[in-house]
Amino acid sequence: QKEVEQNSGPLSVPEGAIASLNCTYSDRGSQSFFWYRQYSGKSPELIMFIYSNGDKEDGRFTAQLNKASQYVSLLIRDSQPSDSATYLCAVGVNEKLTFGTGTRLTIIP
Amino acid sequence: GAVVSQHPSRVICKSGTSVKIECRSLDFQATTMFWYRQFPKQSLMLMATSNEGSKATYEQGVEKDKFLINHASLTLSTLTVTSAHPEDSSFYICSARQGSGNQPQHFGDGTRLSIL
């Protein structure tokens, strides 16, 4: 069983709609949860981080964490073509991050 | 804030060459720096964790004699790929973290290494 799982996609969403990205993790001791965006050929860029159960909003982005279900998600509202990228879920355990394989998101104009 | 600079961005060299990659935190002091490797269409794989002034901690399967890491200051870590071979060709990315383990890691721009 992979430690951090994401649907690889591709996920296609019309411009202006809400994109929903999901991630599950296996280690119940996980303490910190991050979403990174990675454009092709580039390094990851931090989008959101969340530590506690519930929702955290930052502009068009909302991160949701449910530790009981070992589930973290990222919602992108009013999706823009510039949001097209691979989104990496990363989970922090014992000072280290474990990354999922990423979900490729395509915003259709 | 939280800018991490990584150089060089691209290296093409012959097999047997040693390659040095620098990672600098420009506007913060990084208590810990990390080195990752990413192969095409795969996720980031942690190679090693580096704390200033101490020896790096390598992940299982990563050869410490081949991937030399030096973390000389709170703003600089280097990775040297010694006697590189074609199978070492990959995208190497460093990250830096300020403070405790729950703080976000901030990534450099990466180094694309191609060994001929």
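Values in this text are rule-based calculations from the coordinates and carry no lab data. Note that the structure is predicted; figures quoted are calculated from it, not measured. In this analysis, Cβ positions are derived from the backbone assuming ideal geometry, glycine residues included, and neighbour counts consider all displayed protein chains.
Details
- The 3J(HN,Hα) values that the Karplus relation (6.51, -1.76, 1.60; θ = phi - 60°) gives for the range B:81-95 are, in residue order, 8, 8, 6, 5, 10, x, 5, 7, 4, 5, 9, 9, 10, 9, 9 Hz. Gly and Pro appear as x.
- Of all beta bridges that DSSP places with both ends in chain B, some 90 percent have antiparallel geometry.
- Within 10 Å of each Cβ in B:30-36, the average number of Cβ atoms from other chains: 1
- Residues whose amide H comes within less than 5 Å of that of B:G101, counting only those at least five positions distant or on another chain, are absent (H built at 1.01 Å from N in the peptide plane).
- For the protein assembly as shown, alpha-carbon Rg relative to the globular expectation (2.2 N^0.38 Å, N residues): 1.02
- Each label point was placed 7 Å from the Cα along the Cα-to-Cβ direction; for A:D55 and B:H85 their separation is 5.3 nm.
- Residues whose placed amide H lies under 5 Å from that of A:N7, excluding near-sequence neighbours: A:N22
- Amide H contacts of B:Q42: none lie under 5 Å away among residues 5 or more positions distant or on a separate chain (H built 1.01 Å from N in the peptide plane; Pro and chain starts excluded).
- In this structure, A:T106 and B:S100 have a Cβ-Cβ separation that, at R0 = 41 Å, corresponds to a calculated FRET efficiency of about 0.65.
- Evaluating kT/(6 pi eta Rh) at 25 °C and 0.890 mPa s, with the Kirkwood radius of chain B over Cα pairs in the Stokes-Einstein relation, gives 175 µm² s⁻¹.
- In terms of its C-alpha gyration tensor, the range B:23-81 has an oblate overall shape, because the principal axis ratio a/c (a ≥ b ≥ c, square roots of the eigenvalues) is not below 1.5 and a/b does not outweigh b/c.
- GluC sites (Glu not before Pro) restricted to the range B:5-71 and DSSP loop, no more than 11 other C-beta within 10 Å: B:E63
- Relative packing of peptides A:73-84, A:6-17 - highest average C-beta neighbours within 10 Å first: A:73-84, A:6-17
- Whole-Hz ³J(HN,Hα) from phi, Karplus 6.51 cos²θ - 1.76 cosθ + 1.60, for the range B:100-116, glycine and proline x: 6, x, 8, 6, x, 9, 10, 9, x, 7, x, 10, 8, 9, 10, 9, 8
- Loop chymotrypsin sites (Phe, Trp or Tyr not before Pro), the range A:45-82, which have at most 16 other Cβ atoms in a 10 Å radius of their Cβ (DSSP): A:Y51
- Orphan Cys of the protein assembly as shown, criterion: no other Cys C-beta under 4.7 Å: B:C13
- Across the range A:12-27, rounded Karplus estimates of 3J(HN,Hα) from the backbone phi angles (6.51 cos²θ - 1.76 cosθ + 1.60, θ = phi - 60°) give 10, 10, x, 4, x, 8, 9, 9, 10, 10, 10, 8, 10, 9, 9, 8 Hz, Gly and Pro being marked x.
- When B:V4, B:V11, A:V72 are sorted by how many other C-beta atoms sit within 10 angstrom of their C-beta, beginning with the fewest, the order is B:V11, B:V4, A:V72.
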